[in-house]
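Here's the structure we're looking at; comments come further down.
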Amino acid sequence: MIEFEDVTKVYPGGNTALENVNLHIDKGEFVFVLGHSGAGKSTFLKLILREEKATSGRVLIDGKDLGRMKEREVPYLRRRMGVVFQDFRLIPTMTVYDNVAFAMRVTNIAEDKIRKRVPYVLGLVGLAQKSDRLPEELSGGEQQRVALARALVHSPQLIIADEPTGNIDPELSLEMMELLSAINSVGITVVVVTHEHELAYRFSKRIITIDHGAVVGDAVNKQGVKG
Ligand code: ADP
């Protein structure tokens, strides 16, 4: 589903963010992408979302070379991926329901479909009872679950969680990981991007470690074994 073939990304000005990266993430996998600040994690995400293009090498999603993708195809690519951003990016003046519905309205989906889908995805993340609340009336963990519900609204094949522990406390971050595991168990690929070594090594999942723009580790963690 995600393939990096010898990908190098050099930003204008000469910063090399990724260098000769090769990796392959299959459909249905649950993967951590782990690295310190500046390692190249955001660049990895931006390449997948086609917010940036590789300087050399190829990034492929479902076999499609993003470097050759036409601009008008990019929104469709992004709709197949659900991203939960570290800062949630909810609209503060909209209720929970409308935050999720908005993601559907902007793609011109009929209101009757929205009325069915929004309560369904809010139910998946355990927020059916809070659909009339404003984001500020929710805890950090709940806001993150709204962001996850919104990410699920277009039935994506891939969910990307960017630093999911960044703005919530440790207990809630475990809850979030459980939700992501549940989502993964129905066949959705999950990629969790984090700088938190502790979080990644708590689970028996594949961990791709990047450092200074290079993949320096790629292995399934055996639970309980600290890397
Ligand atoms: P991380 O998300 O792991 O912190 P980034 O992908 O943001 O890492 O950054 C990797 C490297 O690329 C860093 O050295 C950073 O300074 C550089 N970088 C990131 N974005 C840009 C940009 N837009 N222009 C120039 N350099 C950048």
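Helix 111-124 and the longest principal axis of the C-alpha atoms of the chain enclose an angle of approximately 70°. For segment 50-154, the solvent-accessible area with a 1.4 angstrom probe is 54 square angstrom per residue. With K and R counted +1 and D and E -1, the other residues having a Cβ less than 12 Å from that of Ile159 yield a net charge of 0. Applying both filters, DSSP loop and at most 12 other Cβ atoms within 10 Å, to the GluC sites (Glu not before Pro) of segment 1-108 gives Glu51. Of the trypsin sites (Lys or Arg not before Pro) found in segment 1-103, the ones in coil according to DSSP and having at most 15 other Cβ atoms within 10 Å of their Cβ are Lys27, Lys53, Lys70, Arg80, Arg89.
For the chain, what is the convex hull (Cα atoms) projected area averaged across all directions, in square nanometres? It would help to have the intermediate numbers written out before the result.
Details: hull surface 50.2 nm².
Taking the Cα atoms of the chain, their convex hull projects to 12.6 nm² on average.
Between Glu178 and His197, the simple spin-label model (points 7 angstrom out along Cα→Cβ) gives 2.7 nm.
I need the semi-axes of the equivalent ellipsoid of segment 172-227: take the C-alpha gyration tensor, multiply each eigenvalue by 5, square-root it, list largest first in whole angstrom.
Taking √(5λ) for each Cα gyration eigenvalue gives 20, 13, 11 Å.
Scalar couplings 3J(HN,Hα) for segment 93-98, obtained by applying the Karplus form with A = 6.51, B = -1.76, C = 1.60 to θ = phi - 60°, are 8, 9, 5, 3, 4, 5 Hz; x denotes Gly and Pro.
Dividing the convex hull volume of the Cα atoms of segment 1-73 by its residue count, what figure in Å³ per residue is obtained?
On the way: hull volume 6.5 nm³, N = 73.
Measuring per residue, one finds 89 Å³ for the Cα hull of segment 1-73.
Within the same chain, lysines fewer than 8 places from Lys130 are excluded, and of the rest, those with a Cα less than 25 Å from its Cα are Lys113, Lys116.
Calculated mean residue ellipticity at 222 nm for the chain: -9000 deg cm²/dmol, from DSSP H runs with n ≥ 4 weighted as -39500 (n - 2.57), summed, divided by the residue count and rounded to 500. In a reduced charge model with +1 at each Lys and Arg Cβ and -1 at each Asp and Glu Cβ, the chain shows a dipole moment near 740 debye about its Cα centre.
Entry note, the chain: relative contact order of 28 percent, from Cα contacts under 8 Å with a spacing of 6+ residues.
The per residue volume of the convex hull around the alpha-carbon atoms of segment 89-155 is 75 Å³. Of the trypsin sites (Lys or Arg not before Pro) found in segment 170-227, the ones in coil according to DSSP and having at most 12 other Cβ atoms within 10 Å of their Cβ are Lys222, Lys226. The alpha-carbon of Lys9 sits under 23 angstrom from the alpha-carbons of these lysines, leaving out residues fewer than 8 places away in its chain: Lys41, Lys46, Lys53, Lys64, Lys70.
The H on the amide N of Asp211, modeled in the peptide plane, is under 5 Å from the matching H of Val216, each at least 5 residues off or on a different chain. Ignoring any ligand, DNA or RNA, what whole percent of the accessible area of the chain comes from carbon and sulfur when the probe is 1.4 angstrom? In the chain, the share of accessible area belonging to carbon and sulfur is 49 percent.
The values are calculated or read from the model by the stated rules, or taken from the named source; none is laboratory data. None of the values given here were measured: they were computed from a predicted structure. Backbone-built Cβ (ideal geometry, glycine too); neighbour counts: all protein chains shown. Ligands, DNA and RNA are stripped out before the accessible areas are found, and what is left, the full protein with its side chains, is counted by its heavy atoms. Shrake-Rupley method; radii C 1.70, N 1.55, O 1.52, S 1.80 Å.
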